[in-house]
Amino acid sequence: MFRRIGFSSCLDETAPKASPAAAAAGGKGEPVKSVVRVHFPARNMTLSYYNDLFDLKVGDIVFVEGKLEGLRGRVVDVTYNFKIKLSDYKRVISVADTEVRGEFFFAGSHFITFDPTVLPYAKFISWFKAPDQEDDLYVSGSDDSGFDLNDLSAMKISREIAERGHGYYMENRVRYICLDGTKGRAAAEGSQTYELEFEYQNGEIRNLTCSCFCSYPCKHEFAAMLQLRETLELIAKHYEAPYKASNYFAAVAKGTLMSMVVDGKETGSMLLG
Ligand SMILES: [Zn+2]
């Protein structure tokens, strides 16, 4: 018998669907102008921002412009009745899409789903950072070298970095990892959130990169490989059939899912199977 969990965040299934534009803006409805107070746990600060892009509610997780750019904040108060001088206020620039519906199975330190629509990478990463701006350009290169996932010594990583990576893995800092066919993505949380990409086929890893732009294999990469290995072992042991059927999995750290999807919500439901 699988241990599993299901989430539903809306009681009214007949509620009108959001427009595509609103969905792109985090699944929220039409924008409603407001002044919001946002609490930033990392700085223990609460500041006011102007919002004209979203329909913000208390409990929403947002990112802002200004000196707290890049830090996750939670809306603690919304005012619709206001008159402000625009130049006095910074704005809310994105809102995390924390509407998650679907089925997760228990897999060690993480919850795992085999349904690609439940928690795709784009939704997950919206909990940790604002979308890239149009002038953010990325380049990547590849030497097409690979290594065996079961022999991480082939990563040519220093002992010190490997130990730090192992520490990250033990602390469940690999908050998310998914594999869609052979294409993998992961997110590791350190002083900020780093994004990883890799390919995995027949036990071999290729083209592993991390957004921390270390010029050598980094602790995030090592931690992600340990997490991938653990997750694949758990899948082989308990969930071979659903994984084979979808050729996809996404694993999310239990604490991360609960704090993002459950905390701060006034309504919703959870089903334990
Ligand atoms: Zn890194």
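Rounded to the nearest 0.05, what FRET efficiency do E204 and F40 have when you use their Cβ-Cβ distance and R0 = 41 Å?
0.45
Quick check: net charge around G273, other residues with Cβ under 11 Å of its Cβ, Lys/Arg +1 and Asp/Glu -1?
+1
Could I have the simple spin-label model distance between E266 and E197, label points 7 Å from Cα toward Cβ, reported in nm to one decimal?
Computed distance between label sites E266 and E197 equals 4.1 nm.
On average, how much area does the Cα convex hull of the chain cover when viewed from any direction, in nm²? Walk me through the numbers on the way to the answer.
Values: hull surface 65.2 nm².
For the chain, averaging the hull's shadow over all directions gives 16.3 nm².
Calculate the translational D of region 167-273 in whole µm² s⁻¹ from Stokes-Einstein, where the hydrodynamic radius comes from the Kirkwood formula applied to all Cα pairs, the temperature is 10 °C and the viscosity 1.306 mPa s.
Approximately 106 µm²/s, per Stokes-Einstein.
If you average the C-alpha positions of region 148-200 and of region 50-119 separately, how far apart do those two centres end up, in angstrom?
Each part reduced to its Cα centre gives a spacing of 26 Å.
With N set to the number of residues, divide the alpha-carbon radius of gyration of region 41-177 by 2.2 N^0.38 Å and report two decimals.
Scaled against compact globular proteins, the figure is 1.40.
Can you give the local net charge around L208? Use residues other than it whose beta-carbon is closer than 9 angstrom to its beta-carbon, Lys and Arg +1, Asp and Glu -1.
Neighbour charge sum, excluding L208 itself: -2.
On a 0 to 90 degree scale, rounded to 10, what angle separates helix 159-170 from the longest Cα axis of the chain?
Value to nearest ten degrees: 60.
Let me know the charge dipole size of region 135-251 about its Cα centre in debye, to the nearest 20, where only the beta-carbon of Lys, Arg (+1) and Asp, Glu (-1) is charged.
Dipole size: approximately 300 debye.
Between E171 and F213, what is the spin-label point distance in nm, taking each point 7 Å from the Cα along the Cα→C-beta axis?
Once both label points are built, they end up 2.3 nm from each other.
Per 10 Å bin from zero, what fraction in whole % of the C-alpha pairs of region 28-95 is there, up to the bin with the longest pair?
All Cα pairs, binned at 10 Å, distribute as 23, 60, 17, 0 percent.
May I ask you to list the chymotrypsin sites (Phe, Trp or Tyr not before Pro) in region 151-235 that are in a DSSP loop and have at most 12 other Cβ atoms within 10 Å of their Cβ?
The qualifying sites are F213.
What residues of region 79-123 lie in the reach of a label at A245, counting those whose backbone N is under 16 Å from a point 7 Å from the Cα along Cα→Cβ?
102-106, 112-118
So which trypsin sites (Lys or Arg not before Pro) in region 146-215 end up in coil per DSSP with only 12 or fewer other C-beta atoms within 10 Å? Walk me through the intermediate numbers first.
Details: sites: K156, R159, R164, R173, R175, K183, R185, R206; in loops: K156, R173.
Those that pass, being in a loop and sparsely packed, are K156.
Roughly what angle does helix 219-238 make with the longest principal axis of the chain, taking Cα atoms, 0 to 90 degrees, to the nearest 10?
80 degrees
Quick one: putting +1 on the C-beta of Lys and Arg, -1 on the C-beta of Asp and Glu, what dipole do you get for the chain around its Cα centre, in Debye to the nearest 20?
On the way: 32 positive and 37 negative charges, 171 e Å.
For the chain, the charge dipole is close to 820 debye.
Ranked highest first by average number of other Cβ atoms within 10 Å, how do 42-48, 260-266 line up?
Taking the mean over residues of other Cβ atoms within 10 Å, the ranking is 260-266, 42-48.
Any idea what the alpha-carbon Rg over 2.2 N^0.38 Å comes to for region 127-224?
1.07
Place a point 7 Å from the Cα of K183 along the Cα-to-Cβ direction; which residues of region 193-224 have their backbone N under 14 Å from it?
Counting only backbone N, you get 197-200.
Counting Lys +1, Arg +1, Asp -1, Glu -1, what net charge surrounds Y168 among other residues with beta carbon under 11 Å of its beta carbon?
Residues close to Y168 contribute a combined charge of 0.
Throughout, read-outs are computed from the coordinates displayed, never taken from laboratory work. Treat the numbers as computed from the prediction; the structure is a model and nothing was measured. No Cβ is skipped: glycine too gets one built from the backbone with ideal geometry, and neighbour counts run over all protein chains shown.
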